[in-house]
Amino acid sequence: MRGAVTYAQQNEDRLYRDIENARRLYGYTQERAGQIIGIGQAGYSRLISNKRLDIKEFCELAEEYGLEVKLCARF
């Protein structure tokens, strides 16, 4: 089925929305979020818009925002 969105894609979209919502909720700028993971604002913006954060970066941001990242295998 062309154009169908998989469960993994929906989950990925939700993760990126959640991490950006948390950033805004806690009043962090993209510049500050980038500093947390060791990059500048432009790099952070690019990673978010292209959905290219790695799990280490997700975990660092989540910890800063008081969130928890859980990874679950689906079988």
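The values are calculated or read from the model by the stated rules, or taken from the named source; none is laboratory data. All of these numbers come straight from a predicted model, not from anything done at the bench. We place every Cβ from the backbone using ideal geometry, glycine too, and count neighbours over all the protein chains shown.
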Which residue, of R23, R46, is under 11 Å from the mean Cα position of the chain (by Cα) and of a type in the set (K, R)? R23
Here are R17, R23: which of them is surrounded by 14 or more Cβ atoms within 10 Å (Cβ to Cβ) and within 18 Å of R52 (Cβ to Cβ)? R23
Looking at A33, A62, A73, which one is surrounded by fewer than 14 Cβ atoms within 10 Å (Cβ to Cβ) and of a type in the set (A, V, I, L, M, F, W, C)? A73
Report yes if some residue within the range 49-60 is assigned to a helix (DSSP H, G or I), at pLDDT below 95 and aromatic (F, W, Y); otherwise report no. yes
Give me a count of the residues in the range 1-41 that are under 14 Å from E64 (Cβ atoms), assigned to a loop (DSSP other than H, G, I, E, B) and out of contact with any helix residue (DSSP H, G or I) (no Cβ under 9 Å at 6 or more places or on another chain). 1
